[in-house]
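What follows is one structure encoded as structure tokens, with my remarks underneath.
The values are calculated or read from the model by the stated rules, or taken from the named source; none is laboratory data. Computed from a prediction, not measured in an experiment: that's the story for all the values here. Cβ: placed from backbone, ideal geometry, glycine included. Neighbour counts: every protein chain shown. All accessible areas refer to the heavy atoms of the entire protein, side chains included, with ligands and DNA or RNA removed. Shrake-Rupley method; radii C 1.70, N 1.55, O 1.52, S 1.80 Å.
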Amino acid sequence: MADQRPAPHAGLRHIALFVPDLTACEHFYCTLLGMREEWRPDDDNLYLCSGNDNLALHRRSKDTEATDQDSRLDHIGFVLDDMAQVDEWHAFLEQAGVPIAQAPKTHRDGARSFYCHDPAGTLVQMIYHPPIAGWRG
């Protein structure tokens, strides 16, 4: 075991999800949330970006079917720069027919967020969190 930790990493900026309907998830993440396509190597894989991150969407096949007990992912989150944006995003996504899992609320630590589901059922948090809001690296 090393005596000293290496230089700090740059943060968690890549997530890969298996999704049953790649087209519906592309609409959610690109059209509704504003991510853009970075790379589409084939019809079953799509890599998206919003500036300082990377989301990989992989079409779920019979070989990659998982049961609920196989999944360890709780949710993914998108950071918002201002507390008021939480309610704006909530209204926008609700109007777009996105299933809302939890309405906006302010947390004890000063963060404010809500949860919704993408077309694959992934729980997505839209969050204003003061320590990282506005950070662009």
Could you count how many residues in the stretch 1-51 are in contact (Cβ under 8 Å) with a residue 40 or more places away in the chain, hydrophobic (A, V, I, L, M, F, W, C) and not in a loop (DSSP other than H, G, I, E, B)? 9
Whichever residue in the stretch 1-39 is touching a Phe, Trp or Tyr at 6+ places or on another chain (Cβ under 7 Å) and surrounded by fewer than 15 Cβ atoms within 10 Å (Cβ to Cβ) and, among such residues, is nearest to Gly77 (Cα to Cα): Glu38
Which residues, counting only those in the stretch 27-54, are of a type in the set (A, V, I, L, M) and closer than 20 Å to Val86 by Cβ? Leu32, Leu33, Met35
So which residues in the stretch 89-117 are touching a residue at least 40 places away in the same chain (Cβ under 8 Å) and outside any strand (DSSP E or B), if there are any at all? Phe92, Leu93, Ala96, Val98
Residue tally, condition open to solvent by 60 Å² or more (accessible area, probe 1.4 Å) and either under 17 Å from Leu32 (Cα atoms) or part of a strand (DSSP E or B) (or both), over the stretch 118-137: 1
Matching residues in the stretch 81-113 (of a type in the set (A, V, I, L, M) and farther than 18 Å from Tyr29 by Cβ) number 6
